Amino acid sequence: MRMSRLMFAAAMVLAPAAAWAQQGEPVLKRVMLSSGGVGYVEYAARVSGEALLRLPVPLDQVDDVLKSLVVFDSRGGVGGATLPGRDGAQAAFGDVPFGPEALEDPLAFLNALRGVELEVRGARPMAGKLLRAERVPELTIRDGAVERTRVTLLTAEGLRQFVLEDAEAVQVADPALRARIGRALEALRRDAGQSARVLSLRAPGQGEREIRVGYVVGAPLWKISYRLVLPAKDGDKARLQGWAVLENATGADWSGVEVALQYGNPVTFRQALYRSYFVTRPEVPVEVLGRILPGVDTRAMAPVPSPPPPSPPAPAALAMAPARAIMERTAAPAPVMAAPSEAATASEGAQETVFTLPTPVTLAAGHTATLPILDREATARRIGLVQQGRAHPLAAVRLLNDTPTTLPAGVLTLYDPASPAMFAGDARVGGLPAGETRLLSFAEDLRTQIRWQQDDTSTLSAVGASQGVLRIDERLRTTTQVTLVAPAQEDRVLLVEIPKRPQATLVSDATLPPTEETAAAWRFEITLKPGERRTLSVRQDRILRQSVALLEGEQAIARVLGLQGLDPAARTALQRLVDLRAARAGRAAEVERLKAQAVEIETDQERVRRNLGAVPGNDALHGRLLRQLEALETRMEALRKAQDQARGAVEQAQRELEAAIARLAL
């Protein structure tokens, strides 16, 4: 059966490469750059029968290649791919008695060879097993104190020493070990000089055919910049041109490569597949062998169905109808922006827009290119955008995307052919789906004046009371007044943006309803004649709901009584509670006053008692002090009775207040 197969190749152990004939060299044919920060790279090769393709891959891209490698072959299969290990030198050192770190210093290298048979040639030849190498200071006539490397060997004659710096040569006696050390050093040299790995792909099949091999790797973001030539007069079309800016970071020159540009937000990630990982296994005691170790459970909940999205609003007339120009301009021949020799092909997918360049691209590795990918007439309307707090509006155009595909987000430079300066300003374009409009602000209109004033008022919307609870609905109204003054000799079309207050609703105004709304603001369109002054007043209401216990809500009741719109009967009932609360407070204050008097009397009694203890009983002063003490006791007794009466009055006032609260129903 002849059909296109899509097969993913993973790194695996293959048969020896010699069993397969090397075929045509893979040639870079296609590149797709994505706004997700990745690029799809595709190579093609003509092969016959069973083939082995070799593909150089930059070292920093190997992880992505292993993750995403895909092979397209209509009459063959894929047997898998192999490539050298990430750290081949480390593996090569596995059968020698030292690691790469021992090569940093001759002393470290010698000590790593302890127990190895060495042969020393020079003035004092010897052979033996290495015991130790060490640095020792020695005095010389010529150089003074220097460090020398003294090496100790265990020979057939016993321990012997030599100085490394005096020896002509020191060699490992075992030829097999010497060969292994040589291979390890060669692997170290080879890895140090390689910034790429060669991926060998086995492709079994029959007959002559083309194989395409692709993968997705990290790539610089491609960017888009627009040029918009404004219409010279009302009703004319604007001219929109888009240029893509891209870099060749694939590591290979492009020569006639098909290039496509994807605008979207795909999920992209990296995984370190080109590294060796060893799982840390827990050590299980013998007595628990056979038990299972379940994972920790997490809470599971039934999904909550999302409410259906609201229907999109119908396009407002503002977006489509032509308007008067901001300035009267005299017709003059305008320069025409050069069109691209051939426009890119745009296609819209479910999640992305793809621009395919019309001709193959030739670009050296590491170079940057900018190429036109979009050129068409566009519906663009001049308008001034008035934003909160600004003294002048922003000059803007409302751009309609009447193309069949999304316009990618990017920067936009505006040109005005009716202006001697040509350059009008820069703007930013968000992703603009087909059929939608965006406001592009590009300059400040200094000749139009804007003044802002904002007032906040509070009125009572509703009040209710039952079961001792007072419920208050307070309407907080924010009134925003915007005074707009057009230039003396120019008219203006302005779009006034009023920010939405949190949880507020717009108070309907039939004279000037909002033209449109965004998630954060209401927008009102106003046309001004030359020199005209107009004031826009916008009201937003927010209801503040509050519930308070009447026994404790003294401040809330006072606030309600101070608001406008309170019903007279409700005002009388609430004022009654205020009066009862005041009466209770007055009686409680009387109790506190009597307590203070009692403290004063107790202080006087204590003073008199101390004096009595100091005066003899037969002294006349003793009698007077006794009479003073009796008088103080009499006053204290009367004060206790007054305190009891005052506390009773407080309790009575509390009962009256509670009864009034219980009876209150609004």
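The values are calculated or read from the model by the stated rules, or taken from the named source; none is laboratory data. These numbers were taken from a predicted model, which means no experiment stands behind them. In this analysis, Cβ positions are derived from the backbone assuming ideal geometry, glycine residues included, and neighbour counts consider all displayed protein chains.
With 213, 198, 217 as the choices, which residue is under 30 Å from residue 27 (Cα atoms), surrounded by fewer than 17 Cβ atoms within 10 Å (Cβ to Cβ) and either touching a Cys at 6+ places or on another chain (Cβ under 7 Å) or at pLDDT 65 or above (or both)?
On the way: 213 fails: surrounded by fewer than 17 Cβ atoms within 10 Å (Cβ to Cβ); 217 fails: surrounded by fewer than 17 Cβ atoms within 10 Å (Cβ to Cβ).
The conditions single out 198.
Scanning the stretch 47-68 for residues that are of a type in the set (Val, Ile, Thr) and in a helix (DSSP H, G or I) returns 62, 65.
For the stretch 466-492, taking the residues that are surrounded by 19 or more Cβ atoms within 10 Å (Cβ to Cβ) and within 40 Å of the chain's Cα centre (by Cα), the one that is modelled with the lowest pLDDT is identified as 474. The residue pairs whose first member lies in the stretch 33-58 and is more than 25 Å from residue 261 (Cβ to Cβ), whose second member is crowded, with 21+ Cβ neighbours inside 10 Å and basic (Lys, Arg), and whose beta carbons are closer than 7 Å, counting only pairs six or more residues apart or on different chains, are 52/202. Residues considered: 571, 576, 627. Of these, the only one that is at pLDDT below 90, basic (Lys, Arg) and exposed (fewer than 12 other Cβ atoms within 10 Å of the Cβ) is 627. Evaluation of residue 379 against the conditions (1) modelled with pLDDT under 90; (2) surrounded by 14 or more Cβ atoms within 10 Å (Cβ to Cβ) shows that the sole unmet condition is (1). Determine, yes or no, whether residue 348 is modelled with pLDDT of 50 or more and over 20 Å from residue 257 (Cα atoms). Spelling it out, residue 348 is indeed modelled with pLDDT of 50 or more and over 20 Å from residue 257 (Cα atoms). Could you grab me the full set of residues in the stretch 489-498 that are over 10 Å from residue 538 (Cβ atoms) and either touching a residue at least 60 places away in the same chain (Cβ under 8 Å) or not assigned by TED's automatic domain parsing to the domain that holds residue 543 (or both)? Once the filter is applied, which keeps residues that are over 10 Å from residue 538 (Cβ atoms) and either touching a residue at least 60 places away in the same chain (Cβ under 8 Å) or not assigned by TED's automatic domain parsing to the domain that holds residue 543 (or both), the stretch 489-498 yields 490, 491, 492, 493, 494, 495, 497.
For the stretch 98-127, filtering for residues that are within 25 Å of residue 189 (Cβ to Cβ) and loosely packed, with under 13 Cβ neighbours inside 10 Å leaves 3. Residue 20 meets the conditions (1) modelled with pLDDT of 80 or more; (2) over 35 Å from the mean Cα position of the chain (by Cα); (3) of a type outside the set (Gly, Ala, Ser) in every case but one. The failed one is (1). The set of residues in the stretch 532-557 that are more than 24 Å from residue 447 (Cα to Cα), of a type in the set (D, E, K, R) and without any contact (Cβ under 8 Å) to a residue 60 or more places away in the chain comprises 552, 554. The residue pairs whose first member lies in the stretch 412-438 and is of a type in the set (Phe, Trp, Tyr), whose second member is part of a loop (DSSP other than H, G, I, E, B) and crowded, with 17+ Cβ neighbours inside 10 Å, and whose beta carbons are closer than 8 Å, counting only pairs six or more residues apart or on different chains, are 415/230; 423/416.
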